[in-house]
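Visitor: Handing you this structure, nothing more for now.
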Amino acid sequence: MDQVSPATTIDTGQERSAIEAACWGTRGSIASPGPDTVKFGGNTPCLEVRVRDGRRFIFDAGTGIRPLGVNMMEEAGTPDAVVFLTHFHWDHIQGFPFFQPLYHSDASIRIIGPNQAHADIQKLFVTQMASINFPVPFAELSAKKEFSNLDGGAWEEDGFCVRAMRVRHPSFTVGHRIDYDGVSLAYIPDNELAGERYDVEKGWRKRLVDFLGDVDVLIHDAMFTDDEYGSKLDWGHSTFGQTVELAHEAGAKKVLFFHHDPCRSDQELSEIVDFHRVQAAARGYSVEIDAAAERDEIIG
Ligand SMILES: [Zn+2]
Ligand SMILES: [Zn+2]
C-alpha cells in the first residue's frame, strides 16, 4: 500500500481506521498496461482489505492479485488470506494461478465465491489450470485451501462482516459490502444498473440501495460514457452517470469508478471524473467522486 494518495483516502473521523484497503487491479475485461494507464492502473480487479490485527481479505483474483501475492511473500509470517470472488469471468480469476501464497505449503487460503449452477469452485480452478489452459496443474498448489459459497446473506469472523448480494451481470454475480468497527466499504465491480436482460427479483434496485445504505466508500462498475452505452447495452456494465446516481441515492460518502474500460486513457478518465464532479455539485449531491487507482490507499 505504497503510493498513498490523500485524494482517495476517506476520513473516517478516527486517527487511524480499523481497516486499510487498496486496489491492486482496477481495470475491466482485460489487463491493459502501457503509458496511457499508468495513473489508474492496467491490472484487472483485485481489492485488498487488511484488519489491524493482521487478517487479510482479498476481493477478486484478477491480474492485480499477482503483485499483491509477491508483496505478501515478502512479509513476515505465513501469507494467509480469505479470497472472496464476485464471479468467475476471466478478468476476475486470471491472476489466481500466479498468486504466490498458493504455492506456500504453510499458507491457509480460503476461497469464497457464488454458486454457479452447482459448479464446484475448486473444479472451476482445476479446469482453469488444466494443461490445455495452463502449464502448471492445480495439484502443485501446496497451500491449505478451502472452498465455499456465499450467494447472499452474511459471512462474519471476529467482527469482520462481508455481505453478498446478487447483481445484474451475466452468470451468477455478487457484490460485497464490508463492515468492520464502524467502517464500511462496498465492492461491486461488475453490475449493469440499466438494461432488461437480468433475471433478478422485483424490487432489486431498492434492495441494492438498502444494501449500500450510508456506506463510507462505494467501489462500483463505471465502464461507459452515456454515448458509448448505446452500443454496449446488456453487456453487463454501467455508465459513470448511473453509478453517481446510485451512490447519491444510497447516501454513500464517496464513490470510486471501477472496472475501467481497457481502452480508457488516464487523461480521459481524469476528464470524466472532473465532468461528473461538476455535474454532481450542480445537482447538490454531497457524494465525493473519484476513479479507483491501483495501489492508492482507499481507507487507512
Ligand atoms: Zn469484470
Ligand atoms: Zn464479469
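The values are calculated or read from the model by the stated rules, or taken from the named source; none is laboratory data. Everything numeric here is computed off the predicted structure, so don't read it as measured data. When we count neighbours, we look across all protein chains shown, and the Cβ atoms used for this are built from the backbone with ideal geometry, even at glycine. All accessible areas refer to the heavy atoms of the entire protein, side chains included, with ligands and DNA or RNA removed. Shrake-Rupley method; radii C 1.70, N 1.55, O 1.52, S 1.80 Å.
Visitor: Only one of Asp216, Asp227, Asp181, Asp210 is touching a strand residue (DSSP E or B) at 6+ places or on another chain (Cβ under 7 Å), open to solvent by 10 Å² or more (accessible area, probe 1.4 Å) and more than 16 Å from ligand 2 (Cβ to nearest atom); which?
Guide: From the options Asp216, Asp227, Asp181, Asp210, the qualifying one is Asp216.
Visitor: For the stretch 11-34, check the following and say yes or no: at least one residue is surrounded by fewer than 20 Cβ atoms within 10 Å (Cβ to Cβ), touching a Phe, Trp or Tyr at 6+ places or on another chain (Cβ under 8 Å), at pLDDT below 95 and farther than 24 Å from Phe96 by Cβ.
Guide: yes
Visitor: Something else now. Return yes when Pro45 is under 25 Å from Asn149 (Cα atoms), open to solvent by less than 10 Å² (accessible area, probe 1.4 Å) and more than 16 Å from ligand 2 (Cβ to nearest atom) and no when it is not.
Guide: No.
Visitor: May I pose another question? Can you find a residue that is among the β-branched types (Val, Ile, Thr), within 17 Å of the chain's Cα centre (by Cα), within 16 Å of ligand 2 (Cβ to nearest atom) and modelled with pLDDT of 95 or more anywhere in the stretch 147-166?
Guide: no
Visitor: Mind listing just one residue for me: the one in the stretch 184-204 that is free of Cβ contacts under 8 Å to residues at least 24 places away in the same chain and open to solvent by 80 Å² or more (accessible area, probe 1.4 Å) and, of those, nearest to Leu85 (Cα to Cα)?
Guide: So, considering only residues that are free of Cβ contacts under 8 Å to residues at least 24 places away in the same chain and open to solvent by 80 Å² or more (accessible area, probe 1.4 Å), the one nearest to Leu85 (Cα to Cα) is Asp199.
Visitor: Just one of (1) open to solvent by less than 10 Å² (accessible area, probe 1.4 Å); (2) more than 25 Å from Leu208 (Cβ to Cβ) trips up Val82, so point out which.
Guide: (2)
Visitor: Restricting the first residue to the stretch 272-296 and requiring it to be basic (Lys, Arg), which pairs with a second residue that is in a loop (DSSP other than H, G, I, E, B) meet a Cβ separation below 9 Å and a spacing of at least six or different chains?
Guide: Arg295/Met1; Arg295/Asp2; Arg295/Gln3; Arg295/Val4; Arg295/Ser5; Arg295/Gly41
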